[in-house]
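Below is one structure, written out as structure tokens, with a few remarks after it.
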Amino acid sequence: MTRAFLFLYFTSMRNALVQRLQRLRQPKYLVGAIVGILYFYLVVFRRSFRGLSQAPAGPPTAGALIEPIATVILFIVVALSWLFSNRRAALQFSEAEVAFLFPAPVSRRTLINYRLIRSQVGIFLSAFFLGLVLRQGMTHGAGAFMRTAGWWVILSTLNLHFLAASFARDRLLDLGVNPVRRRLIVGALLVAFGALVWWVLRNVVSLPTEADAANLTSMGRYVSRVLATAPISWVLRPFDWVVRPYFAATGTDFLTALPAALLLMAGHYLWAVQSSVSFEEASIDAAARRAERIAAARSGRWTASRKGPTKPKSEPFRLSPRGWPAVGFLWKNLIALGPLFRLRVWVIAAAVAVFALNRLAADPGRMPLVKTIGWVDVMLACWFFIFGPMFMRREVQQTLSQLDMTKAFPLAGWQIVVGQLLTPIVLMTFVEWFFLLVATLTIGVGSSNPWVTVALGTAGAAGLVLILPPLCGLLLCIPYAGVLYFPAWAQSSGPRGGGVEIMGQRLIFLAGYVVVLAVAILPAAAVGGLAYFIVSQLVGTGSAVVVTTLCASVILCLEVTAAVWWLGQKVDQFDLSTELPR
Amino acid sequence: MIEVANLTKRYGEFTAVHDLSFAVQAGEVMGLVGPNGAGKTTTLRCITGIIPPTLGTVRVAGVDLATDPVAAKRQLAFFPDEPRLFDHLTVEQHLNFVARVYHVADWRDRAASILANLELSDKRQAMPGELSRGMKQKLVIACGLLHQPSVIIFDEPLTGLDPGGIRHMKETMRRIAREGAAIILSSHLLSLLEEVCTHVLILKAGAKVADGSIPAIRERFAVEPDASLEDVFFRATGDAATNSASEPPKP
């Protein structure tokens, strides 16, 4: 049987690799692969491998400081999984594996072993990349091999623990302990442990002194000291065994730490294979769900679930049968997004922001905090400005999967474009407006600069309110055009098997997006700049700001109109049967 | 109602549909039949304006699909084999959305009548996830009929339906044909075509093999007068492997 499994495993892997290499004959994958490999080489490997030959970045004692914290994090992860996870005793099999292996004369243990061995590929790869990537900024002195092996121990043990825990939860369910009771029991145990720790340590451990809180190192030493005190140390000991190989500073430390970690891993393995819980039913269910998710994602339906929601959501507004069809699309999409995406929510959020920031700004002592909020808000606004359309990428990608439906509607191409873009434009505009409101309430407040006046700030904000909708529209037209003009690339960036070539494609798209964005904004910036120069000379700065933003807004509106018309032409001519694989 | 003239669709060197011409008048149900890869789906997609034909014209209720696609599509309803619904809209909200797209002002009254007809009245507030396959199919039909189309196209309408759903679907098709719509019905189920269609168009390798009433086609291709449509189909498409009779068709 083992030979059959090995055959299945290695043949599948070889065929997948051959398939991946063969698709490099298509330029879109080849170019993507080259860019992806270059990215990995320049950003990850070069630095990481250069780092191998260099001295460790941090002091050797740093690992000793981080190790207790890592132990606590691992404890929290495991505790949370017992508290909140509802994952049934399911091993991840594909539908084909379920169809062929479950009815086959194969023991339960063999199936578990097969699945565990398969999961090792992902764990090895994750450990390898984590070992490489986390080399940058590393603060302890472990070597590359030990780091990778350390990650492998942590990930493998967690994998085994989650599996065995899912078996144990199912067993508890069989014994009548439902998830609520289980959570109560686990929660009570954690609270009891916390109380015990407090009781025992209340006279032993003191609160951190000023010297302890002086810097991160002293704070780390204090935390390590507390965690090394019984009974905390007793509970954390198994977790420490798991993380210790990763934090080993020398080869000897590593070899000393390894046996306990491996013993714990072996214990988890025995726990998993000895559990007499049926995993087959849940695995079949999970395999079907997974296959459906993949199929849905391949066809562009990213949020597809087996049955879909069963509870109606509120309507954002009453949809009249007459009027712009694009509003119907907006109405439909806002229903899908749920009750958070309603006008009243934005109004409440704006009111809360105005109230809270005014209260803060009223106290001169809190002015640094207000300023900090303002600049963080501006940074977030800029970040969302660049990456917002990337968040909407999936919505835009649905364009292709829905085109055979929307093209049957009695709508012109430009109407379909507006219908499909309106929701992301509205969402992005509202988010940016909110950032603008916060910036207006924080940045200029209490400024001693005579140039920054309330009137100027208000004029600038009002102008930006006008600019943002067409600007967001323009930004979203770019990925939409990408989908229409490079549909094969848009398709391939779905979950058809990731890889370095898909990553390269995304990098190319990102670069293209930035270039097109810069070119598209140029006319508005030029006309706005010219208007500012003329009006500020003739009338004054305040009026110049208003005129500038108005001019820029008009130019952007014209650009969006032209872009929608152009994209509408493309939609009208778009031949699904030739652009997409039949 | 629908006139297709010299319709050709090419994918590079490959011709999926070649010089196809036919017409379906009000009240008629035309069955579109052919082996896999005959070009049925491509033909339907061209007729519905989803993909552009390479050559030829399609006129829907007198409107040329190429010159005024919006007006032509206003007269059309297309029911694909798989009911595709919006996961987050209720039955009633689907109809509301379609009403907006097709500008159906009195949609509430029409929807009430259609839903009652399709026995969906008690499912107005149901989500697609709560509906059976048959009910989903009915909802798609309700959406399609809301704007009272004059040309209706069904692609494998019985897929996944239970016996009750099948009977209901056949009755619906006959009823809307009686009410004056022109229907094109694409299906591999020859018995369905025999029951519902007034005439049949047989395609093979993208080209028309036969077009006419079922008795006329039977007359042309059948060896025996009581031959089934299945026998006629195999003779017409020249499928030697499954053709029980080896004699050539009558001229």
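Since every read-out is calculated from the coordinates, none of them should be taken as a lab result. The structure presented is a predicted model; accordingly, all values stated were derived computationally and were not measured. Note that each Cβ is placed from the backbone with ideal geometry, even for glycine, and that neighbours are counted across all protein chains shown.
Each label was represented as a point 7 Å from its Cα along the Cα-to-Cβ direction; for A:ALA260 and B:THR198 these points are 8.7 nm apart. Plainly put, the range B:12-159 has a radius of gyration that is 0.99 times its Kirkwood radius, both from alpha-carbon atoms, as the Rg/Rh ratio.
A straight chain from A:GLN26 to A:CYS382 at 0.36 nm per residue would run longer than the Cα-Cα distance by 124.6 nm. Note on the range A:148-191: the C-alpha convex hull projects to 3.7 nm² when averaged across all orientations.
Would you mind ranking A:THR250, A:THR440 by Cβ crowding within 10 Å, fewest neighbours first?
A:THR250, A:THR440
Against chain B, whose longest principal axis is taken from its Cα atoms, helix B:107-117 shows a tilt of about 60°. The orientation-averaged projection of the convex hull spanning the C-alpha atoms of the range A:325-435 amounts to 7.9 square nanometres.
Comparing B:VAL24, B:ALA111, B:ASN96 along the charge dipole axis of the range B:1-154, the residue lying farthest to the positive side is B:ASN96, per the Cβ-charge model. The largest-to-smallest principal axis extents of the Cα set in the range B:97-251 are 58, 28, 26 Å.
Can you give the Kirkwood hydrodynamic radius of the range B:142-229 from its Cα pairs, in Å with one decimal?
Details: mean 1/r = 0.0695 Å⁻¹.
Hydrodynamic radius (Kirkwood, Cα only) of the range B:142-229 equals 14.4 Å.
Put in line by how crowded their Cβ is, counting other Cβ atoms within 10 Å and starting with the fewest, A:PHE434, A:PHE254, A:PHE193, A:PHE247 read A:PHE193, A:PHE434, A:PHE254, A:PHE247.
Divide by every residue of chain B the summed helix terms, -39500 (n - 2.57) for each DSSP H run of at least 4, and state the resulting mean residue ellipticity at 222 nm, rounded to the nearest 500 deg cm²/dmol. Each step should come with its number before you reach the end.
On the way: 9 runs with 90 residues, N = 251.
After summing the helix terms and dividing by the residues of chain B, the value is -10500 deg cm²/dmol.
Can you list the aspartates and glutamates whose alpha carbon is less than 14 Å from that of A:LYS371, not counting same-chain residues fewer than 8 positions off? Qualifying aspartates and glutamates at Cα under 14 Å: A:ASP363.
Arranged by the count of other C-beta atoms within 10 angstrom, fewest first, what order do B:TYR11, A:TYR29 take? Provide the component values of the computation, followed by the final result.
On the way: B:TYR11 13, A:TYR29 24.
With the fewest neighbours first, B:TYR11, A:TYR29 line up as B:TYR11, A:TYR29.
For the range B:82-176, the list of trypsin sites (Lys or Arg not before Pro) that fall in a loop by DSSP and count at most 10 other C-beta atoms within 10 angstrom is empty.
I need to check one value: relative contact order of chain B, counting alpha carbon pairs closer than 8 Å and at least 6 residues apart, in percent. Before the final figure, lay out each step's value.
Values: 460 pairs, mean separation 63.5, N = 251.
After rounding, I find 25 percent.
Here the gap between A:LEU538 and A:LYS311, fully extended at 0.36 nm per residue and compared with their Cα-Cα distance, gives a gain of 75.7 nm.
Approximating the spin labels as points 7 Å out from Cα along Cα→Cβ, the A:VAL514-to-A:SER85 distance works out to 3.9 nm.
Cross-linked pairs A:LYS28/B:LYS204; A:LYS570/B:LYS9; A:LYS313/A:LYS407: Cα-Cα separations exceed 24 Å for A:LYS28/B:LYS204; A:LYS313/A:LYS407.
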